[in-house]
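Single-structure report; data block below.
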Amino acid sequence: MTDLLSSPGTPVIVTGAGSGIGRACARALAEVGRPVAVWDLDGEGAAATARSIQDDFGQTALARAVDVRATAELDGAVAEARRGLGPIGGLVHAAGVSGSCPIDELTEEAWDFVLDVNLRAFPLLVRALLGDLRATAGAAVVGIGSIASFLGYEHMVPYTASKSGMMGVTRSLALTLAGDGVRVNMVCPGNIDTPMLNARATATPERRAAFERHTPLGRLGRPEDIASAARFLLSDQASYVTGTYLLVDGGIIAQGGAPRVG
Ligand code: NAD
């Protein structure tokens with residue numbers, strides 16, 4: 001597919017690419033000719049994504065099991081991606097964990113688990129990529145935030161902290177790297193039909209129907225809805241966009257947030 005949205009040939013690393021939104025991002029980028037490094041804690045999931053890219057688009061995709069919490073290992077993983085694909089000009093940080101945790105039971109471990117994956121890894125991934133990003137024309141970074149970047153969620157203090165924290169990281173990184181020509185933005189999804197959502201929020205048909213009913217556009221989002229927004233923000237079509245976010249939520253924030261379900 002020829003696509004004006006792509007920065008042709010510029011390799012991108014996608015974290016969390018073994019499932020859901022990350023997988024859709026890796027596939028959407030590969031579809032327009034961008035080589036992708038497909039990273040996930042789940043190495044088998046990452047390998048399956050890479051195989052699907054090879055089969056469907058005939059594109060290079062390098063799968064690797066990467067735990068984004070192991071920040072000391074990120075330089076090595078980036079070096080391997082660079083050896084395989086060339087200098088890396090883009091990042092999508094889609095690796096994420098959720099989970100509710102009553103405040104009475106909050107532990108340091110539960111806090112660190114969510115914050116380390118969703119938030120701490122984000123700037124440290126960018127740090128590991130700095131040399132490549134600065135050297136690549138049109139380099140760009142996208143973090144996958146959430147409507148939880150704007151809204152509070154009962155019993156989800158670590159998750160909402162991580163997602164609103166990503167907003168601050170995005171703004172500060174954007175200013176820090178603007179002079180280097182590196183753009184930094186977020187896509188903030190609403191309720192997207194992935195294993196993460198289905199494990200909890202939409203675990204029964206009734207709850208799923210309630211989520212659909214409470215969404216102005218009347219359906220859950222698809223991972224591809226998020227991927228096309230991320231692909232746009234990584235592309236030269238977004239060359240004047242930095243330090244901001246694109247909400248892809250079916251209208252939930254416009255109606256003032258998602259009503260309580262269940
Ligand atoms: P998902 O569970 O399908 O995918 C998340 C992926 O991240 C998994 O493959 C998992 O193995 C990987 N991962 C988890 N910990 C990791 C680690 N330490 N290192 C590397 N990879 C790790 O979930 P998803 O819905 O695709 O979520 C992707 C992102 O989108 C997350 O940041 C999530 O918070 C965000 N998001 C999702 C929704 C939704 O409704 N699904 C809404 C808003 C935001």
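Structure values in brief
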{"item": "Verdict on Val187 being more than 10 Å from the ligand (Cβ to nearest atom), buried (at least 17 other Cβ atoms within 10 Å of the Cβ), among the hydrophobic types (A, V, I, L, M, F, W, C) and under 25 Å from Leu115 (Cβ atoms)", "result": "no"}
{"item": "Subset tally (residues that are assigned to a loop (DSSP other than H, G, I, E, B) and not hydroxyl-bearing (Ser, Thr, Tyr)) for segment 139-150", "result": "3"}
{"item": "Pairs with Cβ under 6 Å, 6+ apart, first in segment 149-164 and within 23 Å of Asn185 (Cβ to Cβ) and at pLDDT 95 or above, second away from the ligand (no atom under 11 Å from the Cβ) and in a helix (DSSP H, G or I)", "result": "Ser149/Ser164; Ser149/Met167; Ser162/Leu115"}
{"item": "Any hit, segment 196-203, residues being more than 10 Å from the ligand (Cβ to nearest atom) and part of a helix (DSSP H, G or I)", "result": "no"}
{"item": "Count - residues of segment 131-150 that are over 13 Å from Tyr245 (Cβ atoms) and open to solvent by less than 40 Å² (accessible area, probe 1.4 Å)", "result": "6"}
{"item": "Unique match (being in contact with a helix residue (DSSP H, G or I) (Cβ under 8 Å, 6 or more places away or on another chain), within 30 Å of Asp132 (Cα to Cα) and in contact (Cβ under 8 Å) with a residue 24 or more places away in the chain) among Leu220, Leu177", "result": "Leu177"}
{"item": "Looking only at segment 151-176, and only at residues there that are more than 11 Å from the ligand (Cβ to nearest atom) and assigned to a loop (DSSP other than H, G, I, E, B), the one that is most open to solvent (accessible area, probe 1.4 Å)", "result": "Glu154"}
{"item": "Hits in segment 84-99 - residues which are open to solvent by less than 30 Å² (accessible area, probe 1.4 Å), assigned to a loop (DSSP other than H, G, I, E, B) and away from the ligand (no atom under 16 Å from the Cβ)", "result": "Gly86, Ile88, Gly89"}
{"item": "Some residue of segment 90-98 being farther than 30 Å from Pro158 by Cα and either touching a helix residue (DSSP H, G or I) at 6+ places or on another chain (Cβ under 9 Å) or among the small types (Gly, Ala, Ser) (or both)", "result": "no"}
{"item": "Tally of residues being within 20 Å of Arg83 (Cα to Cα), of a type in the set (Gly, Ala, Ser) and not in a strand (DSSP E or B) across segment 26-64", "result": "8"}
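Results for (1) small (Gly, Ala, Ser); (2) away from the ligand (no atom under 12 Å from the Cβ); (3) over 17 Å from the mean Cα position of the chain (by Cα), shown as yes or no for each residue.
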site	(1), (2), (3)
Asp56	no, yes, yes
Val68	no, no, no
Glu80	no, yes, yes
Ala110	yes, yes, yes
Leu115	no, no, no
Pro123	no, yes, no
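The values are calculated or read from the model by the stated rules, or taken from the named source; none is laboratory data. Not measured: the values here are computed from a predicted model. Neighbour counts run over all protein chains shown; Cβ positions are idealised from the backbone, glycine included. The area values use the complete protein model at the heavy-atom level, side chains included, leaving out ligands, DNA and RNA. Shrake-Rupley method; radii C 1.70, N 1.55, O 1.52, S 1.80 Å.
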